[in-house]
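Following: one structure in structure tokens, then a few remarks.
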Amino acid sequence: MKPITILLAEDHTIVREGFRKMLELESGLEVVGEAQNGREAIALAVKLKPDVVLMDIAMPLLNGLEAARQVRKALPATRVLMLSAHNDFAYVQNAVEAGVAGFLLKQTSAHEVCRAIREVHAGKTFFTPSVAKQLHHQKSVGRDGQVSQQSVELTSREMEVLQLIAEGKANKETASELGIAIKTVEKHREHLMQKLNIHDTAGLTRYAISAGIIESSVQLTIV
């Protein structure tokens with residue numbers, strides 16, 4: 001039987017190597033590539049067309065949320081399993097909206113990770129029990145008529161600019177990183193502030209952290 005092909009997207013080398021070794025011990029699973037950031041994950045996914053992408057939610061250059069969204073757009077048949085060290089519901093909600101098939105906490109056992117990969121490959125969804133409980137509760141709240149906070153829709157480019165701003169990049173650095181003009185970066189920054197009703201860089205950074213776009217442990221320079 002053809003093995004389930006997997007792309008690992010995780011910026012911490014020791015964690016990525018650990019996942020690879022763990023998956024190599026499981027029959028029927030094959031790791032076909034490894035990515036260290038969201039952009040590399042998209043490029044490798046398009047090239048390798050894996051069955052499943054095991055994607056860290058917080059990665060440099062492009063976070064897992066936006067990378068997952070772009071992978072799903074380019075490869076509808078590829079299933080994305082999101083990995084996170086946190087079970088904050090905002091992270092989960094944003095991941096589901098990005099089209100992921102499952103959400104795993106990094107504390108999840110090796111057995112559960114392999115099970116999750118097989119489940120999503122079979123067309124099902126898989127969420128760590130504590131995450132699944134949150135989702136069920138949120139649905140129940142919705143049925144009771146309470147209004148949940150709606151997320152703001154940002155374009156892929158706006159998400160990229162937001163992450164780089166939150167990582168402390170100046171407009172010139174952001175423009176160079178994305179291959180666009182500084183004035184274009186400034187326009188995206190303006191649109192972000194208007195959409196989010198946030199009018200300073202510190203506020204954008206806090207939003208990026210709360211939404212799981214970057215980790216709070218990232219050292220930031222407010223510009």
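For this structure, a couple of remarks:
- Acute angle (nearest 10 degrees) that the helix 13-24 long axis makes with the longest principal axis of the chain, alpha-carbon atoms: 30
- Ordered from highest to lowest accessible area with the whole protein assembly present and a 1.4 Å probe, VAL152, VAL113 read as VAL152, VAL113.
- Difference of contour (0.36 nm per residue) and Cα-Cα distance, GLU97 to ILE14: 27.0 nm
- Net charge in the neighbourhood of LYS106 (other residues with Cβ under 10 Å of its Cβ; Lys, Arg +1, Asp, Glu -1) is -2.
- Solvent-accessible heavy-atom area per residue, rounded to whole Å², over the chain at 1.4 Å: 51
- The chain: angle of helix 64-74 to the longest principal axis, Cα-based, in degrees nearest 10: 70
- Taking the longest Cα principal axis of the chain as reference, the axis of helix 201-210 is set at about 20 degrees.
- Computed over protein heavy atoms with a 1.4 Å probe, the carbon and sulfur contribution to the accessible area of the chain reaches 53%.
- Note on the chain: GNM, Cα springs under 10 Å; of VAL46, VAL31, VAL120, the largest mean-square fluctuation is that of VAL46.
- Mean-position separation - Cα centroids, segment 1-63 and segment 66-92, in angstrom: 13
- Given their separation in residues at 0.36 nm each and the Cα-Cα distance between them, GLU186 and LYS133 gain 15.0 nm when the chain is fully extended.
- Answer label, with Rg/Rh (Cα atoms, Kirkwood Rh) calculated from the coordinates and candidates (1) 0.98; (2) 1.15; (3) 0.94: (1)
- Given their separation in residues at 0.36 nm each and the Cα-Cα distance between them, GLN194 and LYS73 gain 40.9 nm when the chain is fully extended.
- Solvent-free Debye scattering, log10 I(q)/I(0), computed from the Cα coordinates of segment 1-124 at q = 0.20 Å⁻¹: -1.09
The values are calculated or read from the model by the stated rules, or taken from the named source; none is laboratory data. These numbers come from a predicted model, not from an experiment. Ideal geometry is used to build each Cβ from the backbone, glycine not excepted, and the neighbour counts take in all protein chains shown. When the accessible area is computed, the model is the full protein with side chains, heavy atoms only, and any ligands, DNA or RNA have been set aside. Shrake-Rupley method; radii C 1.70, N 1.55, O 1.52, S 1.80 Å.
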